[in-house]
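Contents: one structure, followed by commentary.
Taken together, the values in this text are just the output of simple stated rules run on the coordinates, not laboratory data. The structure presented is a predicted model; accordingly, all values stated were derived computationally and were not measured. Using ideal geometry, Cβ is built from the backbone for each residue, glycine included, and neighbour counts are taken over all protein chains shown.
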Amino acid sequence: MRQYKAIIVDDEVHALDTLRSYIQKTPSLRLAGSHENPLEALEILSGNQPPDIAFLDIDMPELSGLVLAKLTSSKVQVVFTSAHEQYALDAFGVNAVDYLLKPFSFERFLITVQKVCKKITKAETPIASMPLFFKANVKGKIIRIMSDKITYIEAMLNYIKIYTIISETPKIIYLSLKEAESKLGGTNLIRINRSFVINTTFLEVVEGNRITMSNGERFTVGPSYKTSFHAYLNANTIGGK
C-alpha cells in the first residue's frame, strides 16, 4: 500500500500528540514531521520536495495557518485543524481539502484521510487519449480524431468545428454540439457554454469565469455551466493556494 507523507503544524503539544497517534495508526500515512513553530515548517512546505498532506492549525503565533497555507507548495493537500468554527469559510477560500474541528475523533480523521487520498490519486491518474470517430461530409466516410489532440470544439448552427493541435484548419462535422458532447465521457473535453467544448489539458489560467488556453484563446464560462465547471476545477485543484 502506498503511504502518503504527512506533516503536522500546531503550537499545542496535546494536538500534536493526538495527530501523531492518529497518523501512526493509519496505514496509508507516514509521519514526515511535526512542528510547533510554523516558520520552521514553512521551508519544508514551500520546498521542492514537500509532503503530500499538511495538517495545519490556524490560530498560531508568528504565522497563522491560513497564511502558511498560501505560502505552501501547490503540490500539498492542506487540511486545517482548529478549535474555532469561525475560520472555516476562510479555510475553504484557500482550497483546503477539509476542516477538522477540535476535538475530532479518529473516525472523523479517517474520513478526511480517505478524501485526501482520493483527490491525490485522481490528480495523478492521467486520462488516456481516446479515439473519437466522426461521420465525414462524404457519404460512407468516417474520420478518427484522438481526444488529446483536440483543443476545443465550436458550435456553428447545424454543424461543429473541431480544432486540433495537429492542423490549423478545423474539421467541419455536421453534428450538433449536444450530440458531440454526449460522446465525450472519459476525456478531458468539457462543455463551458452554449457554443464551446474545451480540452482542459490545454487550459492555462482560470480567473473567475474567464478561461485562457495555452494557445492564447480565451473563453467565458456560461451561466448554465458555472456550477459544473467550477465543481470540476475544485475536484482537480491541488494545494492550499
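Hey, what number do you get for the chain at 222 nm if only DSSP H runs of n ≥ 4 count, each worth -39500 (n - 2.57), divided across all residues, to the nearest 500? Show your work: numbers first, answer last.
Values: 7 runs with 68 residues, N = 241.
Rounded to the nearest 500, it is -8000 deg cm²/dmol.
Among F109, F134, which comes first, second and so on when ranked by fewest other beta-carbon atoms within 10 Å? Let's see the in-between values first.
Values: F109 23, F134 19.
Fewest-to-most Cβ neighbours within 10 Å comes out as F134, F109.
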For the chain, the longest principal axis of the Cα atoms and the Cα long axis of helix 226-236 enclose an angle in degrees, to the nearest 10, of 60 degrees
Computed about the Cα centre, the charge dipole of segment 4-124 from +1 Lys/Arg and -1 Asp/Glu charges at the Cβ has a magnitude in debye, to the nearest 20, of 740 debye
Here, segment 122-189 modelled as identical Cα point scatterers in vacuum has Debye log10 I(q)/I(0) at q = 0.19 Å⁻¹ of -0.75
Which of [x] 12.1; [y] 15.5; [z] 18.9 is the computed mean projected area of the Cα convex hull in nm²? It is [y]
The extension gain from T220 to E154, computed as 0.36 nm times the residue separation minus the Cα-Cα distance, is 22.4 nm
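Cβ under 10 Å from G222's Cβ, G222 left aside: what net charge do those residues give with Lys, Arg +1 and Asp, Glu -1?
Spelling it out: positives minus negatives among the neighbours equals +3.
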The aspartates and glutamates whose Cα lies under 18 Å from the Cα of K178, excluding any fewer than 8 residues away in the same chain, are E154
Distance in Å, no decimals, from the C-alpha centre of segment 9-75 to the one of segment 173-210 is 38 Å
The alpha-carbon pair-distance distribution computed for segment 131-234, with 5 angstrom bins and whole-percent values, is 2, 12, 24, 27, 19, 10, 4, 2, 0
Connecting every pair of Cα atoms under 10 Å apart in the chain and solving the GNM, the largest mean-square fluctuation among F55, F92, F133 falls on F133
Expressed as a whole-number percentage, the relative contact order of the chain with C-alpha contacts under 8 angstrom and at least six residues apart is 15 percent
